[in-house]
Amino acid sequence: MSAELAIGIHDLSFATTEFVLPHTTLAAHNGTEIGKYHVGIGLRSMSVPAADEDIVTMGAAAAKPVVARHGGDRIRTVVLATESSVDQSKAAGIYVHSLLGLPSSTRVVELKQACYGGTAALQFAVGLVRRDPSQRVLVIASDVSKYELDSPGEPTQGAAAVAMLVGADPALLRIEEPSGLFTADIMDFWRPNYLSTALVDGQDSVAAYLHALDGAWKDYTEQGGRRLDEFRAFCYHQPFPKMAYKAHRQLLRNAGLDSDESLVAHHIGDTTGYNSVVGNSYTASMYLGLASLLENAQDDLSDRTIGLFSYGSGSVAEFYAGTVVPGYRAHLRVREHDEAVTRRRPIDYAGYRALHQLSLPEDGGEHAVAAQTGGPYRLAALSGHKRIYRPR
Ligand code: HMG
């Protein structure tokens with residue numbers, strides 16, 4: 001473990017959508033026994049974006065309080081990670097940069113590797129801060145998870161954005177070296193440019209995730225990482241919360257530790273709160289897990305080490321450790337995050353289906369977008385193939 005300058009997450013804020021679909025509504029439509037959703041995959045509801053919400057509006061909404069608290073002066077880089085991109089060329093972060101009024105002396109770039117992209121952005125940010133510790137990097141992970149209607153993936157949909165301010169001497173989490181890395185060229189989940197919904201081999205993707213965990217953990221230990229019993233908790237990428245449990249039981253078993261359920265619950269239990277009501281938010285998912293852990297753990301996590309496992313289909317995975325900074329509780333956003341999930345308006349099945357099937361006009365004309373969101377920013381119009389975002 002390096003004794004160098006501490007670098008990590010200084011602030012973390014998330015935003016989600018205007019609407020929420022309870023899994024009871026989906027189950028009533030498709031005749032699924034609700035236990036499969038509530039218990040089998042661990043989900044109670046999913047966030048559904050309004051017509052005028054997307055990765056830009058959610059990303060800007062997540063980052064707004066971060067910029068309000070810390071100012072934008074030291075932010076010289078904005079990295080937005082997503083697999084729900086709105087343009088093949090222009091980085092979505094440029095719209096966010098503009099909505100937030102950040103200085104022009106900023107580099108802005110978009111990153112992609114399925115759900116792993118947010119962690120790549122975070123690690124690249126750490127490198128930039130190490131090069132110049134006076135700078136801060138705004139990392140945004142923003143995604144809308146969308147599968148075909150009536151497919152097995154449908155109940156795992158969701159949407160959210162996390163904004164993290166990365167800097168030296170962080171207030172929340174110090175990110176440690178080494179990282180354990182794993183890459184394999186596989187097709188467990190993907191989305192060709194011409195499709196709006198992801199393709200997935202569900203059971204294969206679960207196996208691929210578990211295989212990648214083995215690989216990343218093996219590399220982590222070979223790189224000189226910590227022992228498993230040094231960790232207080234583990235944040236996993238959560239395509240659905242039960243995946244974290246499956247993964248953690250495997251990690252403990254393979255390390256020769258007893259996967260006693262009370263230990264598993266102690267390690268994982270506090271990380272699933274937000275994901276179980278938001279659904280899969282791809283790049284943002286693991287960091288919603290981190291927010292949930294920091295806000296919900298009853299014990300003081302100061303100086304305790306957290307293991308983080310990020311997985312992106314296709315596939316790339318990384319296991320790394322972070323140590324919680326004493327005094328972290330004073331910097332959490334418990335009230336705002338609670339409001340982000342409780343303010344969502346329940347939508348009925350017909351309304352959800354209509355939004356799922358909604359596609360924006362592609363004719364290059366002038367089109368106002370229906371005003372639905374109660375969030376701070378909206379996609380107001382399309383004009384000449386350009387997206388027009390406005391504060392609400
Ligand atoms: P499925 O085949 O419909 O469900 O889809 P199942 O039959 O496997 O059942 C799920 C669980 O519910 C099982 O538990 C059942 O026993 C249980 P398990 O055996 O797994 O412990 N169950 C019940 N429990 C209580 N009461 C009941 C009941 N009935 C059944 N009545 C699947 C499941 C995850 C495959 C599907 O939702 C899917 O395709 N999801 C999308 C893909 C996915 O999430 N993959 C995860 C790994 S890949 C990943 O994480 C990357 C990703 O985030 C994308 C990216 O990287 O960008 C997806």
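The values are calculated or read from the model by the stated rules, or taken from the named source; none is laboratory data. The structure presented is a predicted model; accordingly, all values stated were derived computationally and were not measured. Don't worry about glycine lacking a Cβ; one is built from the backbone with ideal geometry, like all the others, and counts go over all protein chains shown. Remember, those area values only see protein heavy atoms, side chains included, never the ligands or the DNA or RNA. Shrake-Rupley method; radii C 1.70, N 1.55, O 1.52, S 1.80 Å.
Quick notes on this one:
- For segment 150-288, the per residue solvent-accessible surface stands at 39 Å², with DNA, RNA and ligands left out and a 1.4 Å probe.
- Long-range HN-HN contacts of LEU43 with modeled amide H, under 5 Å: HIS38
- Taking θ as phi - 60° and the Karplus parameters 6.51, -1.76 and 1.60, the scalar couplings of segment 211-219 work out to 5, 5, 4, 4, x, 5, 5, 4, 5 Hz in sequence order, x denoting glycine and proline.
- Among THR32, THR17, THR283: highest mean-square fluctuation, GNM of the chain, C-alpha pairs under 10 Å: THR32
- The mean sequence distance of close C-alpha pairs (under 8 Å, at least 6 residues apart), as a share of the length of segment 7-391, puts its relative contact order at 25 percent.
- Look at the dipole of segment 1-155 built from charges on Cβ: of VAL79, VAL137, THR32, the Cα furthest out on the positive end belongs to VAL137.
- LEU149 long-range amide H proximity, modeled H, under 5 Å: none
- Of the chymotrypsin sites (Phe, Trp or Tyr not before Pro) in segment 162-242, those whose Cβ has at most 12 other Cβ within 10 Å and which sit in DSSP loop: TYR194
- Protein-only accessible surface order, largest first, of VAL39, VAL200 at 1.4 Å: VAL39, VAL200
- Per-residue HN-Hα couplings for segment 111-124 [Karplus 6.51, -1.76, 1.60; θ = phi - 60°; Hz; x = Gly/Pro]: 10, 9, 6, 6, 6, 6, x, x, 6, 4, 4, 5, 5, 5
- Shape box of segment 88-193 [Cα atoms, principal axes, largest first, Å]: 49, 35, 26
- Computed from backbone phi with θ = phi - 60° and the Karplus coefficients 6.51, -1.76 and 1.60, the 3J(HN,Hα) list for segment 127-143 is x, 5, 5, 4, 5, 9, x, 7, 8, 10, 10, 8, 9, 10, 10, 9, 8 Hz; x is used for glycine and proline.
- Each of ARG226, ARG174, ARG107 has its accessible area taken with a 1.4 Å probe; listed largest first, they run ARG107, ARG174, ARG226.
- Remark: accessible surface ordering of ILE347, ILE306 (largest first) is ILE347, ILE306, probe radius 1.4 Å.
- For the chain, carbon and sulfur atoms together expose 50% of the accessible surface, with a 1.4 angstrom probe and every protein chain in place.
- Too-long pairs where the Cα-Cα distance tops 32 Å, listed order kept, from LYS64/LYS146; LYS90/LYS242; LYS64/LYS90; LYS90/LYS218: LYS90/LYS242; LYS90/LYS218
- Largest mean-square fluctuation among ARG345, ARG353, ARG232, in a Gaussian network model of the chain whose springs join Cα atoms under 10 Å apart, belongs to ARG353.
- Translational D in µm²/s for segment 7-391 (Stokes-Einstein at 10 °C, 1.306 mPa s, Kirkwood Rh from C-alpha pairs): 77
- DSSP-defined antiparallel bridges as percent of all bridges, the chain, nearest 5: 70
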